[in-house]
Amino acid sequence: MNKVITLFICILASFIQLHAQNDTIRYDVGVLGVTSSGDYSPFWIQNKEYGKIASSPMSADIWVGISKDFGNKSRLFDYGFKAEVLLQIYDKKTTAYFHELYLKTRLSVFDVVIGAREEQFGNQDSTLSCGGFLFSQNARPMPKITVGIEHFIVVPFTFGFFEIKGAIAHGWFTDNIYTQNLYLHHKYAYGRIGGKLPVHIQYGLDHVAQWGGIVPGVGQQPVGLNDFTSIFLASPGGKNSTSNDQFNVLGNHIISQSLKLEVELSDFQVSGYWQNLSEDGPIRFIWSTMNRPDGLWGVSVRNKNFPYIKGILYEYLNTTDQSGPYHDKDGLIYGGGDNYFNNGIYQNGWTFFSRSIGTPFILSPIYNKDGNVSVLNNRVQVHHVGLEGDVCGYSYKMLGSFSKNYGTYGAPYTHMIRNSTMMLEVNKQFPALSNIRCGISIGADFGKLYGNTVGCQFSIRKTGDLFHY
């Protein structure tokens, strides 16, 4: 780790020397504390913060960070970086780590990013959503190397009507929970039509795979160049892979499709979106997916000129179908029993540091009191609402979620478990106090899934320009 940090600093210094041109280095320092009445801190206080807040009912965070973003002017070449150290105190222990540590460069429209950073994928609302189906804001940032076009660009000769973006990434599961040295493969491609019209339609495809690693009782999984080709193409493994991977595909693959409609109506922007998962190939597009009842459906309304209510949202999440309860039966292969976020080889599943990488309503292993590293509840139905705005300089956000939980097909709950979770967050900037930002969040959970709990989070944060160059 020390060698990686040293290399990062050396590369960063080189970029600053080569590219100094009226840029700004910013700082971010802060402290927060959480206190709760139950076994865990309230769901929405801790499950939308990229793993920064511990699940423990009592915890504190201190962070210090510096960063530089891409410049505001259009440049042929630009760069940015961020280094944020997070100190977590909970359960009578203290841990410190780089929550974000990355360097990014841009040449024309092409981006290269090295390191761990907070990211958002999918088409969901950026602040009020309960989280994307495949990627949410629940898990800690993962170290990756990403190459591609990360923001929509206009396709030449389409008169600005058609835009695309896409990238490919290689990542490392550095938590080493159950599987050691596990790799991530992620690639995505999105297209959007509409240009300057008031109506836009967007379609996206994300493909992720967990591969390689040393699996207890199984051994080292294939990591050669030919094996990467199999991962990239989602094709069967070679003779050095398990018999199951030779018959199906090498590694643990998940594909997500998404569709979005955006409409501009005077002072309002209305968005409707849908996301789906596929864990069995070949991929079936939208109208022919085996698990059509499953998905995330959302409607978001944004207002430009009425600050008291800037955004309002409703989402419905269903994961109960999973292409049916049987993957195969009576010697016939049906392709059902998807068992979202679980895998027979990689028993830690689609999680990072014991948190679901996708929707947090597919229960993270942090809630498993028996120490199980797998997901024990992935059949859920969720109604979720969100509201945000600003009243006299006090910005607020309200979230409320109501879920039915059924466990898994393999280990269903004896009775369906209802759960409700809600949060009110208020923040205020104080210009007279050097622009210090103070915040308070009040959260509550009701039900047997996480237990009944009421808690508060208090935060003080200061950001600003460190220096210009």
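The values are calculated or read from the model by the stated rules, or taken from the named source; none is laboratory data. Since this is a predicted model, take the numbers as computed values, not measurements. Positions of Cβ are generated from backbone atoms using ideal geometry, with glycine treated the same way; all protein chains shown enter the neighbour counts. Accessible surface is based on the protein model in full, side chains and every heavy atom, while ligands, DNA and RNA are left aside. Shrake-Rupley method; radii C 1.70, N 1.55, O 1.52, S 1.80 Å.
Structure above, values below:
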item: So Tyr346, is it farther than 25 Å from His415 by Cα and part of a loop (DSSP other than H, G, I, E, B); result: yes
item: Check on Val64, surrounded by 15 or more Cβ atoms within 10 Å (Cβ to Cβ), on the phi < 0 side of the Ramachandran plot and at pLDDT 95 or above; result: no
item: Qualifying residue in the stretch 68-84 (condition: surrounded by 22 or more Cβ atoms within 10 Å (Cβ to Cβ) and either in contact with a helix residue (DSSP H, G or I) (Cβ under 7 Å, 6 or more places away or on another chain) or part of a loop (DSSP other than H, G, I, E, B) (or both)); result: yes
item: From the options Ile149, Ile114, residue that is over 17 Å from Val208 (Cβ atoms), buried (at least 17 other Cβ atoms within 10 Å of the Cβ) and touching a helix residue (DSSP H, G or I) at 6+ places or on another chain (Cβ under 9 Å); result: Ile114
item: Sole residue being aromatic (Phe, Trp, Tyr) and either touching a Cys at 6+ places or on another chain (Cβ under 7 Å) or free of Cβ contacts under 8 Å to residues at least 12 places away in the same chain (or both), chosen from Phe228, Phe247, Phe268; result: Phe247
item: Some residue of the stretch 128-142 being aromatic (Phe, Trp, Tyr), more than 28 Å from Phe458 (Cα to Cα), touching a strand residue (DSSP E or B) at 6+ places or on another chain (Cβ under 7 Å) and open to solvent by 60 Å² or more (accessible area, probe 1.4 Å); result: no
item: Filter result for Tyr183 (of a type outside the set (A, V, I, L, M), on the phi > 0 side of the Ramachandran plot and out of contact with any Lys or Arg (no Cβ under 9 Å at 6 or more places or on another chain)); result: no
item: Residues of the stretch 213-246 satisfying the condition of being polar (S, T, N, Q), open to solvent by less than 60 Å² (accessible area, probe 1.4 Å) and part of a helix (DSSP H, G or I); result: Ser230
item: Selection within the stretch 33-64 - under 17 Å from the mean Cα position of the chain (by Cα) and more than 14 Å from Tyr90 (Cβ to Cβ); result: Phe43, Trp44, Asn47, Lys48, Tyr50
item: Exclusive hit being at pLDDT 95 or above and farther than 18 Å from Val208 by Cα, set Tyr334, Tyr316; result: Tyr316
item: Answer from Val375, Val385 - the residue that is touching a residue at least 40 places away in the same chain (Cβ under 8 Å) and β-branched (Val, Ile, Thr); result: Val385
item: Qualifying residue in the stretch 60-83 (condition: in contact with a Leu (Cβ under 9 Å, 6 or more places away or on another chain) and acidic (Asp, Glu)); result: yes
item: Residues of the stretch 164-180 that turn out to be without any contact (Cβ under 8 Å) to a residue 40 or more places away in the chain and open to solvent by 30 Å² or more (accessible area, probe 1.4 Å), as a count; result: 8
item: Filter result (of a type in the set (Ser, Thr, Tyr) and either open to solvent by 60 Å² or more (accessible area, probe 1.4 Å) or out of contact with any strand residue (DSSP E or B) (no Cβ under 9 Å at 6 or more places or on another chain) (or both)) within the stretch 247-276; result: Ser266
item: Test for Tyr188: is it in contact with an Asp or Glu (Cβ under 8 Å, 6 or more places away or on another chain) and either open to solvent by 20 Å² or more (accessible area, probe 1.4 Å) or of a type in the set (Asp, Glu) (or both); result: yes
item: The stretch 414-449: number of residues that are touching a Leu at 6+ places or on another chain (Cβ under 9 Å) and farther than 18 Å from Val29 by Cα; result: 12
